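Participant: The structure follows.
What follows is calculated from the coordinates using simple rules that are stated; it is not laboratory data. Remember, predicted model here, so these are calculated numbers, not experimental data. Here the Cβ positions follow ideal geometry from the backbone for every residue, glycine too, while neighbour counts run over all protein chains shown.
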Amino acid sequence: MITLIGNIIWLLFGGVFMGLAWWLMGVLAFMTIIGIPWAKACFVIGNFSFLPFGKEPIDRRYLTGQADVGTGDWGLVGNVIWCLLAGIWLALGHLISAVACAMTIIGIPFAIQHLKLAIISFAPIGQTIVSKEVAQSARTNNSN
């Protein structure tokens, strides 16, 4: 119930606008054909940006226990290209939203969430979104 309330308030504190920004970047990336891998990442993170509470981003290596194209060297190259072309703008949007949210006491948890999304904006390839429980389990299994 707390997660639902948090997500509803989140939508009012910038979640709608930033989710739409992620989707817009995804559409633009998809239109280039070569940008389809970035578009997929945009839509995944965009969905997370709409309703982030109760979910968490995690590197797919931790989740699956093995590397793939998005988590290896090609993922790094893709994230560098992404950061230069679109990541900076999405991060800036999240930073502006974080400052606006932090101006009120009730908005501080939402500002923190915007800062987390700003960090993800720099390197979304190789990330996936799972429930907090699944993320915690994956991190516990990989730390052993």
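Participant: Hey, got the dipole for segment 2-143? About the Cα centre, +1 on K and R Cβ, -1 on D and E Cβ, debye to the nearest 20?
Facilitator: Details: 7 positive and 5 negative charges, 23 e Å.
Using only the charged Cβ atoms, the result is roughly 120 debye.
Participant: Please work out how much length the chain gains when fully extended from W89 to F17, using 0.36 nm per residue of separation minus the C-alpha to C-alpha distance, in nm with one decimal.
Facilitator: On the way: separation 72, 0.36 × 72 = 25.92 nm, distance 1.33 nm.
Separation in residues times 0.36 nm, less the Cα-Cα distance, equals 24.6 nm.
Participant: Something else about it: In nm, give the distance between the simple-model label positions of V99 and N142, each being 7 Å from the Cα along the Cα-to-Cβ direction.
Facilitator: Result for the modelled spin labels: 3.3 nm.
Participant: Please report, ordered by residue number, every helix of the chain (full DSSP H runs) that is 15 Å or longer along its axis going by C-alpha atoms and whose mean Kyte-Doolittle hydropathy reaches 0.5.
Facilitator: Values: long enough: 16-31 (22 Å, 2.01); 36-50 (21 Å, 1.11); 88-102 (21 Å, 1.93); 108-122 (22 Å, 1.45); 132-143 (16 Å, -1.41).
Those that pass (Cα extent of 15 Å or more, hydropathy at least 0.5) are 16-31, 36-50, 88-102, 108-122.
Participant: Oh, and also: Report ³J(HN,Hα) in whole Hz for each residue of segment 63-71, in order, from the Karplus equation J = 6.51 cos²θ - 1.76 cosθ + 1.60 where θ = phi - 60°; Gly and Pro get x.
Facilitator: 3J(HN,Hα) across segment 63-71, in whole Hz: 6, 9, x, 8, 7, 9, 4, x, 9.
Participant: Next up: Can you tell me the alpha carbon radius of gyration of segment 49-101 divided by the globular rule-of-thumb value 2.2 N^0.38 Å?
Facilitator: Details: Rg = 14.1 Å, N = 53, 2.2 N^0.38 = 9.9 Å.
That works out to 1.41 for segment 49-101.
Participant: Something else about it: Return I106, I88 ranked ascending by Cβ neighbour count within 10 Å, so the fewest neighbours appear first. Show your work: numbers first, answer last.
Facilitator: On the way: I106 9, I88 13.
So the ranking, lowest neighbour count to highest, is I106, I88.
Participant: Going from the alpha-carbon gyration tensor of the chain, what semi-axes, largest first and in whole Å, does one get by taking the root of 5 times each eigenvalue?
Facilitator: On the way: eigenvalues 117, 83, 30 Å².
The equivalent ellipsoid of the chain has semi-axes of 24, 20, 12 Å.
Participant: To the nearest 500 deg cm²/dmol, what mean residue ellipticity at 222 nm is calculated for the chain from DSSP H runs of n ≥ 4 alone, each contributing -39,500 (n - 2.57), summed and divided by the residues? Please list the in-between numbers first.
Facilitator: Numbers: 8 runs with 97 residues, N = 144.
Calculated from helices alone, the mean residue ellipticity at 222 nm is -21000 deg cm²/dmol.
Participant: What is the spin-label model distance, in nm, from F122 to I34 if the labels are put 7 Å beyond Cα along the C-beta direction?
Facilitator: About 2.5 nm separates the two model spin labels.
Participant: Check cross-link reach from K132 to the lysines: straight Cα distance under 21 Å, and skip same-chain residues fewer than eight apart.
Facilitator: Filter leaves K55, K116.
Participant: Over the chain, what is the mean sequence separation of C-alpha contacts under 8 Å (at least six apart), divided by residue count, expressed as relative contact order in percent? Each step should come with its number before you reach the end.
Facilitator: Details: 182 pairs, mean separation 42.8, N = 144.
Relative contact order, the chain: 30 percent.
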